[in-house]
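The structure appears right after this line, and notes come after that.
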Amino acid sequence: MVNYGIAILLLPLMAFVVQIFIGKRLPRNGDWVSVSAVALTLCLSLAMFGVMLVKYDPEFSVDETWTWFDLGSLQVQIGILIDNVTVVMLLVVSLVSTLVHVYSTAYMEGDLRYSRYFAFLSLFTFSMNGIVLANNLLGIYIFWELVGLSSYLLIGHWFEKDSASDAAKKAFLVNRVGDIGMFIGIMLFFTATGSFLFRDVFAGVESGLLSTEILTVAGLCLFAGAIGKSAQFPLHVWLPDAMEGPTPVSALIHAATMVAAGVYLSFRLFPIFTPTALTVIAYIGGFTAIFAAIIAVTQNDIKKVLAYSTVSQLGYMILAVGVGAYTYGLFHLVTHAAFKAGLFLCSGSVIHAMHYAYHELHDHESDPQDMRNMGGMRDKMKTTFLTMLICTVALSGVPFTSGFLSKDAILAGTLSFTLHHPEHFLLVLFGFGAALLTAFYMFRLIFMTFYGEPVRREVYDNIHESPSAMTAPLVTLATLSFFLFFTLPYFNPFSDHGWFTVLIDSRDSVVPGHLNLTAHEIAEGMHHAHTPAMLLSILIAFSGIGLAVFMYLQKRISADHIAAKLSLPYKLSLNKFFVDETYQRYLINPSLILARMIAFFDWEIYDKYIVNGFGKVTEWFSRVVGIRWDYDILDQQIVDGVGRTTGFFSARLRLIQTGKVQNYLVWVLAGVIMIYVFQAI
Amino acid sequence: MVDLNTYLVIGALLFSLGIFGVITRRNGVAVLMGVELILNAANVNFVAFARFGGMDLSGHIFSLFVIILAAAEAAVALAIILNIYNNMGTINIDEADQLKQ
Amino acid sequence: MDFNILSWLIWVPVAGALVIVALPRDKKDVIKWVAASFTGLQLIFAIVLWMNFDKDFVGFQFMEKAAWIPSFNITYMLGVDGLSLPMVLLTALLSFLCVFVSWNIDKALKGYFSLFLLLDAGMMGVFVSLDFFLFYIFWEVMLLPMYFLIGIWGGPQREYAAIKFFLYTLFGSVLMLIAILALYFTCGRTFNMIELMATAPTALDTLSWWGFSGMKVVWILLFIGFAIKVPIFPFHTWLPLAHVEAPTAVSVILAGVLLKMGTYGLLRINFPMIPDGTVWFAGALAVLALINIIWGALCALAQTDLKKMVAYSSINHMGYVMLGMAAVVAAGAQHGSNSAAAQLGMNGAVLQMFNHGTITAMLFILVGVIYDRAHHRNIDGFGGLASKTPIYAGVVALAFFAGLGLPGLSGFISEAIIFLGAFPVYRTIVMISTLGILLNAAYFLWSYQRIFLGKLNEKYADLPEINGRELFTLVPLAVLVVLLGVYPSPIIDVMKTTMANIIELVQVSPLMIMP
């Protein structure tokens, strides 16, 4: 198993290296290198998946650790952990990745940096597999940043557009904010337990190495990484902008896999979250779910709607972790990966067609992503329409789909949690409210895009269905949106009971002091809440759909009318609650101003006046000492003064030197007499 | 009564005369003569000390030395004065003051 | 004694300088190749040294000792340990590469290369000398060629920059000299560093100067001397100026090697010789490190001159080194005898010294590449170059990502283990300084965007791609950056024994044991 894991990890990396160095010189720009590498990882993942099904053991787990480097008193260890979760995640990643690779061969055809694009896709697949396979916090952090890198590179693929390069930078930086929190969390755990390995950290927590307060803080710090990567409020701002990247990238990275990494991390770390931390997590998830859903309702860019929908669904998953139904969070991750990737790829297909049509008409002004420019496309793009409809139904949580199963379970978990803690009733409102809005905005999308009259006839005439390299992945993903694939070996479309729930078992919290409910208690509570939650969620899904039918299909209620009536909420939603503007105004601009001020101070004031001031003072002092004191006073006055005095006296004394011998003789005589006189005295 | 004091007084007189001559005379030759007087004053003293002061023969020998030296001195000094005369056309020593710049 | 490899390391470049001086002025190619071959020979010696180095030996290896000025007990004594070996490698590698970076120098080639080789010898001497007097001589020897290299071959403000650099560092040297003499007279009149490490920790205890503890005064004097080289805030402002004005190769040497001398000096001299002072000052050192990190990053963020931005990034990165060094006290009893944390911090510090040497060298070379072509370095004056010069953009991306500490590249490991080491002792400081890694990302990505992304600036529509010679200077560094990012053991294994020894030496301080 571990060898499989290593192979899965390294194959895409090799593809990346080949592509980046010689991709351009290979035939077809080397796309086959990447495609075959990820296809191979898919085969390997399938094989692992098969083994897992055959074993059918919830406790299955292989853990292998190596010393990365050795500091003497400390070995830094990294390793690979393969359990059922890993296998499922690997399958999800490699499946979506393979489909996206195939899809991209058509979607990106003729692109200027075709081989580079595939190189980065492979790099992403490598890093994502790394996150899934890591058995330690440091490893997760490393690959965490690497997926951030590939996300940066791929969002900025069309970097000639300023919006794309801005979005790429924003994605990286916003993620780094979360990563800093995550790193602090890692430091807290490492300091307490002396290891990065999950098992050591868990054991350390269980034996009470961290006090409850520290554990709460440390858990939330780690969770900050998930907030960033999974685009939870308040760090959600990068994900909608990330839609500047090519659509297959959005499907792979920003819908199915990378953004789900945060959920995966929270899933892995669930046992160490304290109740307080979990409550915070639940609120962040629940709030994000409803918040993003509200924004999605008013967006007109087809990818923006999907992006906010992704944020909202990720909020669901996080909510599931927060309320303790964390295995269902992972379940939703898996089901969502299929239908949301499908939705993105479908939207890509639509955009591709629109783009082509505009291209034919030499129209470079119109936005091929704006739903207001679409309409009535279902006749022209039958496959795309059907697959997108299936995925939409799944996302809306209609029975017989996978989305119904997972979303229903999360709602049941939330309901059960609120029954336990009635003070957290808001979470239920968030959950069900978001479900309503989800059904509504998704069908709004369907109706605006595929129904109604085409806005421009000539555009409509130029619309064609996409090539089979693009539709085949759509069909695959749409098929996977049915309940059956997740409930096997059972056939009950209303119960999530199946291989997934058996193999991916929830574990008890390791937080000491029995603060958390046990897994059994949570399951018990969910079981009770299941039926009401299910009925409620079906009702809500259908009312959402019904509302969309009224407003956008039958147009009995005018959307504009409502918008005018609810102008304040409408404006808030349309402008995404001004979060970006707030950050720009209150965080980014002040930071830049601070940076400029500090740089100015450093260079223009500190260096110029203080450092150079020392020089100036020294210079002044040297002038005082060297010129005023040394030359003027010491040299001119004192030293030369001695000379001048001597000269003065010598000029006087010289007068007695007459040059006359007789004068001298008189002096001699006087001298002798003096000596004589003195002697006598 | 001729005793030591008599000789010394004579010597002192001679010496004073010599000094006086050396100091006051402008004529180079006269100055030389004053020098001779001083030397001979010394000679008188030497001889007197030889006779009364126990210097014995040494006094005599010294005075002989002085006489010889005086002769040599006179020869050199006269040569100098001759040279001064040749160079300046005078033997007035006041005018031979080139040492003073 | 069989083969005095350390002496060869020092005197080979000196010989090269002499050969170049003897060559006729107009044989430009010969001069360049002579410089290249002598530095290449030095690099080979350095690699041989690294391969023969005994990783588990505590103390100094390849020792050479000869009497020099016996009346003052001054000796010619050389030796390497795990602290100096990475620096020796770095010096030899960067000197060799910088000869090729300087290939296009036109002005007074002969003088340039002879001074350059002299500089090389001086740096090498600092890292291998074990006699304090010799150390000081090499320390000063380095200044002279540096002064001329900046002052003659530099940019428009070169004379101002050269004088500032010279005076500033000389100021530090003078303080250091005082401290050296204080050590000399209090520790039995010896300049021998090994003896000083044994005697100084206790000998200074009783020293009192006008009521001040002599130990602290000596520590501070040495510290200021080294802090100016690092440079530690507030002694840092010579650096942006000197880096910006110096020719590319000299900037590379300045940032890549000279800055490391400051931290090397602290680790070689302050830490083992005056452990009390080290423990006493460690907290302040961490605070200074924090200031360096944040201040440098903020200043870098605001720059419009690319080279100045890189220069400020050096200030920021050297802050991490100091943070790691401050973690040495984690091994003390009052911090729970957490020797693992001390190990992490100290090894991280030296690893970061090495990594910063390679990364910043890449950055400066890359800035030089664009400056040679566009004749300016204004970040806002470019735009969209990635579509014109993809290879160059790719290498810059690698260097920038290494600079912002991306995992998988060398900067990450050293920064991460520094943080991990310092965290148990300086929790708040480390938490604030992690902001530095966000700011790092901000300034690198922002400038990358402004230079390489967006629409191609029409002015640079025919900008030539990076050429083979420039790639030749960058590829070894890039390989090292990636290699050490994935597998840092080649450097860590060399130094960990020495680091453990230094930690132990610091641990003898009574301040470490007293709670």
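The values are calculated or read from the model by the stated rules, or taken from the named source; none is laboratory data. Because the structure is predicted, anything quoted here is derived from the model rather than measured. Methodologically, a virtual Cβ is constructed for each residue, glycine included, from the backbone with ideal geometry; neighbour enumeration extends over all protein chains shown. When the accessible area is computed, the model is the full protein with side chains, heavy atoms only, and any ligands, DNA or RNA have been set aside. Shrake-Rupley method; radii C 1.70, N 1.55, O 1.52, S 1.80 Å.
The long axis of helix C:306-326 is offset from the longest Cα principal axis of chain C by roughly 20 degrees. Here residue C:28 and residue C:378 are evaluated by their C-beta separation; at R0 = 25 Å the FRET efficiency comes out at 0.20. Could you tell me which of C:497, C:378, C:339 has its Cα farthest along the dipole of the range C:279-515 towards the positive end, charges placed at Cβ (Lys, Arg +1; Asp, Glu -1), taken about the Cα centre? The Cα lying farthest towards the positive end belongs to C:378.
Taking every residue in C:421-427 and counting other chain Cβ atoms within 10 Å of its Cβ, the average works out to 3.
Computed from phi, the 3J(HN,Hα) profile of the range C:226-242 under the Karplus parametrisation 6.51, -1.76, 1.60 (θ = phi - 60°) reads 7, 4, 5, 6, 4, x, 9, 3, x, 9, 9, 6, 5, 5, x, 4, 5 Hz, with x in place of Gly and Pro. Within the same chain, lysines fewer than 8 places from residue A:229 are excluded, and of the rest, those with a Cα less than 18 Å from its Cα are A:169, A:170, A:304, A:340. Would the range B:4-88 count as rounded, prolate or oblate if I go by the C-alpha gyration tensor, calling it rounded below 1.5 in a/c and otherwise prolate when a/b exceeds b/c, oblate otherwise? Oblate is the answer for the range B:4-88, as a/c is 1.5 or above yet b/c matches or exceeds a/b. Loop-located trypsin sites (Lys or Arg not before Pro) in the range C:411-515 (DSSP state other than H, G, I, E, B) with a sparse environment of at most 13 neighbouring Cβ atoms within 10 Å: C:455.
What's the magnitude of the charge dipole for the range C:1-92 around its Cα centre, counting Lys and Arg as +1 and Asp and Glu as -1 at the beta-carbon? Answer in Debye, nearest 20.
Charge dipole of the range C:1-92: 420 debye, to the nearest 20.
Note on the protein assembly as shown: helix-only mean residue ellipticity at 222 nm, from DSSP H runs of 4+ residues weighted -39500 (n - 2.57) and normalised by residue number, equals -23500 deg cm²/dmol. The long axis of helix A:402-420 is offset from the longest Cα principal axis of chain A by roughly 70 degrees.
Remark: chain A carries a charge dipole of roughly 1540 debye about the Cα centre, counting +1 on each Lys and Arg Cβ and -1 on each Asp and Glu Cβ. Measuring r between the beta carbons of residue A:453 and residue C:15 and using R0 = 56 Å, the FRET efficiency lands at 0.05. Any chance you could check the Cα centroid distance between the range C:351-382 and the range C:103-163 for me, in angstrom? Measuring centre to centre over Cα atoms gives 20 Å. Take the Cα of residue A:633, step 7 Å toward its Cβ, do the same at residue A:361, and the gap between the two points is 9.2 nm.
How would the range A:486-639 be classified by its alpha-carbon gyration tensor: rounded, prolate or oblate, with rounded meaning a/c under 1.5 and the a/b versus b/c comparison settling the rest? Note, shape of the range A:486-639 comes out oblate. Can you tally the net charge around residue A:469? Count Lys and Arg as +1, Asp and Glu as -1, for every other residue whose Cβ sits under 13 Å from the Cβ of residue A:469. That sum, taken over residues with Cβ under 13 Å, equals -2. Note on residue A:555: aspartates and glutamates with a C-alpha under 16 Å away, same-chain residues under 8 apart excluded, are A:453. Roughly speaking, to the nearest percent, how much of the range A:413-484's 1.4 Å accessible area is carbon and sulfur? Carbon with sulfur: 70 percent of the solvent-accessible area.
The mean number of Cβ atoms from other chains found within 10 Å of a Cβ in peptide C:148-154 is 0, as a whole number.
Amide H contacts for residue A:62 (H built 1.01 Å from N in the peptide plane; partners 5 or more residues away or on another chain; cut-off under 5 Å): A:82, A:83. Per-residue accessible area (protein heavy atoms, 1.4 Å probe) orders B:19, C:150 as B:19, C:150, starting from the largest.
Listed values for the range A:573-582 are Karplus-derived 3J(HN,Hα) couplings in whole Hz (6.51 cos²θ - 1.76 cosθ + 1.60, θ = phi - 60°), namely 5, 4, 9, 6, 6, 6, 5, 4, 5, 4, and x replaces Gly and Pro.
Along the range C:150-157, what does the Karplus equation 6.51 cos²θ - 1.76 cosθ + 1.60 (θ = phi - 60°) give for ³J(HN,Hα), rounded to whole Hz, x for Gly and Pro? Per residue, the Karplus-derived 3J(HN,Hα) values read 6, x, 9, 9, x, x, x, 9 Hz.
Please compute the net charge surrounding residue C:440, taking Lys and Arg as +1 and Asp and Glu as -1 over other residues with Cβ under 14 Å from its Cβ. Net of charged neighbours comes to -1.
Heavy-atom accessible surface of the range C:279-515, averaged per residue, reaches 26 Å², computed with a 1.4 Å probe.
Only aspartates and glutamates eight or more places from residue C:455 in sequence, or on another chain, were considered; those with a Cα closer than 13 Å are A:160, A:162, A:166, C:380. The mean accessible area for residues of chain A, using a 1.4 Å probe and ignoring ligands and nucleic acids, is 40 Å² per residue. Compared with the dominant principal axis of the Cα atoms in chain A, helix A:519-548 is inclined by about 80°.
Let me know the longest stretch in chain A that avoids all trypsin sites (Lys or Arg not before Pro) found in a DSSP loop with at most 14 other C-beta atoms within 10 Å.
Excluding the exposed sites themselves, the longest stretch runs over A:1-506.
Over the range C:148-274, Cα pairs under 8 Å with separation of 6+ residues give a relative contact order of 34 percent.
In the protein assembly as shown, taking the dipole from charged Cβ atoms about the Cα centre, the farthest positive-side position among C:24, C:7, A:78 is held by C:24. Between the range C:30-56 and the range B:1-65, how many Å separate their Cα centres? Using only Cα atoms, the two centres lie 98 Å from each other.
With a ≥ b ≥ c taken as the square roots of the eigenvalues of the C-alpha gyration tensor of chain A, please select rounded if a/c is under 1.5 and otherwise prolate if a/b is larger than b/c or oblate if it is not? Since a/c reaches 1.5 and a/b is larger than b/c, the shape of chain A is classed as prolate.
Give me the distance between the Cα centres of the range A:33-74 and the range A:83-124, rounded to whole Å. Cα centres, the range A:33-74 to the range A:83-124: 18 Å. Residue A:158 sits with roughly 80 Å² accessible to a 1.4 Å probe, with DNA, RNA and ligands left out of the calculation.
Legend: residue pairs A:303/A:407; A:24/C:308; A:608/C:260; A:161/C:307, Cα-Cα distance threshold 31 Å; pairs beyond threshold, A:24/C:308.
Counting only protein heavy atoms and a 1.4 Å probe, the range B:4-88 has 63 square angstrom of accessible area per residue.
Database remark: amide H of residue A:376 closer than 5 angstrom to the amide H of A:450, A:451, A:452 (H placed geometrically; neighbours at sequence offset of 5 or more, or on other chains; Pro and chain starts carry no H). Here the extension length gained between residue A:464 and residue A:63 equals 139.3 nm, from 0.36 nm per residue of separation less the Cα-Cα distance.
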